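Here's the structure, in structure tokens; my notes come after.
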Amino acid sequence: MYIVTAEDMYEIDRFAIDQGGIDGTILMENAGQAIAKEMMIAEEKSCHMAILVGSGNNGGDGFVIARYLKNEGYPVKVLQLVPNEKIKGDAAYHKQLLIHQKVPIQEVLTTDKLLECLVNVDIVIDAILGIGVTGEIREPLRGMISIINEQNARIYSVDIPSGLPANENHTIDIAIKADRTYIVEAPKQSLFLENTAPYYGEWKVIPIGIPIEAYGMIPKVRSWNLKDVKVSFPKRATFSHKGSHGKGLVIGGQELMPGSVALSSRAALKAGAGLVTVATMERNIPVIANYCMEAMYQNLSNFGHIDLAGFDGVAIGMGMGRNRTAKTFVEDVLAQEDVPVIIDADGLYHLKELLGMLQERRSPTILTPHYGEMAMLTNQEIETIKKAPFTMAKEFAQEHQVYLILKGKYTIITAPDGTQMVNATGNAGLAKGGTGDVLSGILLAFIMQHESVLEAMNNACFIHGMSADLRIESGQNTVIDLLASDVIDGLTNVFRTMS
Ligand SMILES: NC(=O)C1=CN([C@@H]2O[C@H](COP(=O)(O)OP(=O)(O)OC[C@H]3O[C@@H](n4cnc5c(N)ncnc54)[C@H](O)[C@@H]3O)[C@@H](O)[C@H]2O)[C@@H](O)CC1
Ligand SMILES: [K+]
């Protein structure tokens, strides 16, 4: 599944029409028909539905939906919120088909009239504005959107909640707050942003028959799914030994935070790493070993040099603290160029002053900031990152030649060449201390076993979230009591589904 901007979507449509020879009216038919079928599954025939259409092709989808619902015997009324002369092109074609079927279309041009028309309506189908919206919402639509949001009716939006921009880095003016959105063909960037995602409600993507070749025209942003994980997940060979699955080093855990590295190292072993060594403060070792007796230990009491020769991957920074000696250690690890390094938590704090070293590294460097850490690394406000996470992540990864995992409800994974993936697994239970340490451990295990770093990162993020999801779905935990250690225990169930 590709994630697009409005411009990408228009380019894809153009390709389908110009190169694929598919008429625009057919794409509209496909979209409207498929959405109507979804509505028929979701709603009883006794529901009174109002289909609200605007001037563009989003409105055109609405005319098609009305035709199919009417045919099935649903009581539908079509409220056209713009004057007749504004309906043009493909939308006008489908409006005409509706007129042939004797479906009444009311022109509703004032908020008062709209209020009258919405009395006793159970379902509003919002086909007012799609991805063609620009600038502030003009009257009378602005007032109408606010009235619609105040109704008790359930709201289904077509493609995008009307008024909401498709792309990141736009200010939200006013928009429909949908209960569910049927997204036409491909999710738009705004589905994945903290400030705009809630407008969509539940969502489902509706394919409309665009040839896959059309996606060759746009920069690739994809979502990673279970099928991708299954295809790319390395098989464990029968004759493998512990050395075959990577020797990993976990560095961190200051005096008061032994749990962080305990979680990372246990997660790495549970995720399949062959051997894990924990480099931490001496007095922490008995505590950590109690939780992770399969790991080996190195004393890190005197921060300084640690030889990475012989290790296939390093994860540094979890619970490491922010004192100057910890920083010299991050510097030392970065200078040893030949080992893949994951930098997390306090390691990112120290990295802020060491960014210049990143481009010099010969092995992959993987950074795992949440939004706050990303704001710190880029000297930006956290709101700036939230508004344009795709762009911010891409610019940073390309500038510093790093792999970046920007952690959030939807995690954005970026490679140094700018390729981006979105991970959607995980739930609110993960918003708790220690879950990031677990992700670092899983990442360490995977980068040592996958040939492609990007695949390792995608799989680690997917599986980390999936473990949390399975714990909730199976009733073993709720989003309130889920702990980072439960996510580690849940890996067993995840791996069972892989085989
Ligand atoms: N071939 C295609 O292009 C397809 C398009 N589809 C649908 O078409 C939509 C895109 O169609 P359009 O490009 O016509 O765009 P819209 O349907 O979003 O409509 C744009 C129109 O809305 C009005 N408008 C824009 N900004 C406004 C504002 N701030 N205040 C008030 N009015 C405003 C303008 O009159 C503008 O012409 C998609 O979202 C999707 O639902 C689907 O039918 C599938 C095929
Ligand atoms: K809409």
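Just so you know, all these numbers are worked out from the coordinates, no wet-lab data involved. Source: prediction; values computed, not measured. Neighbour counts run over all protein chains shown; Cβ positions are idealised from the backbone, glycine included.
Mind jotting down the distance between the C-alpha centroids of the stretch 127-161 and the stretch 363-382, whole Å?
The distance from the Cα centre of the stretch 363-382 to that of the stretch 127-161 comes to 35 Å.
Under the rule of at least 5 residues apart or a separate chain, name every residue whose amide H is placed under 5 Å from the amide H of Thr181.
Ser157, Glu202, Trp203, Lys204
May I ask for the net charge around Ile382, where only other residues with Cβ less than 12 Å from the Cβ of Ile382 are counted and Lys, Arg are +1 while Asp, Glu are -1?
Neighbourhood net charge equals -2.
Given only helices, namely DSSP H runs of n ≥ 4 each adding -39500 (n - 2.57), what is the per-residue ellipticity at 222 nm of the chain, to the nearest 500 deg cm²/dmol?
Estimated from H runs of four or more residues: -12000 deg cm²/dmol.
Using alpha carbons only, how many angstrom separate the centre of the stretch 447-494 from the centre of the stretch 39-100?
Distance between centres, Cα-based: 43 Å.
Can you tell me, using C-alpha contacts under 8 Å and at least 6 residues apart, the relative contact order of the stretch 6-218 as a whole percent?
22
For the stretch 226-498, with only Lys/Arg (+1) and Asp/Glu (-1) charged at the beta-carbon, what is the dipole magnitude about the Cα centre, in debye rounded to 20?
The dipole magnitude comes to about 540 debye.
Order of Val103, Val402, Val119 from fewest to most other C-beta atoms within 10 Å?
Lowest count first: Val119, Val103, Val402.
Which cross-chain or sequence-distant (5 or more) residues have an amide H under 5 Å from the amide H of Gln298, H modelled 1.01 Å from N in plane?
Val278, Ala279, Thr280
Cα centroids of the stretch 392-435 and the stretch 269-337: how far apart, whole angstrom?
The stretch 392-435 and the stretch 269-337 have Cα centres separated by 23 Å.
Report the rotationally averaged projected area of the stretch 6-218 based on its alpha-carbon convex hull, in square nanometres.
Orientation-averaged projected area of the Cα hull: 10.9 nm².
Rounded to whole Hz and in sequence order, give me ³J(HN,Hα) for the stretch 219-232 from the Karplus expression 6.51 cos²θ - 1.76 cosθ + 1.60, θ = phi - 60°, writing x for Gly and Pro.
Listing the rounded values in order: x, 7, 10, 10, 9, 9, 10, 4, 4, 4, 4, 4, 5, 9 Hz.
Using only the alpha-carbon atoms of the chain as identical scatterers, what base-10 log of I(q)/I(0) does the Debye formula give at q = 0.06, 0.09, 0.10, 0.12 Å⁻¹?
Here log10 of I(q) over I(0) equals -0.34, -0.69, -0.80, -1.02.
May I ask you to order 38-45, 344-351, 288-295, 77-84 by the average number of other C-beta atoms within 10 Å around their residues, highest value first?
344-351, 77-84, 288-295, 38-45
For the chain, take the longest principal axis of its alpha carbons; what is the angle in degrees between that and the long axis of helix 435-447, to the nearest 10 within 0 to 90?
80
Sorting check: for 193-205, 54-66, which peptide has the highest mean count of neighbouring beta carbons within 10 Å, and how do the rest follow?
Result, highest mean Cβ count within 10 Å first: 54-66, 193-205.
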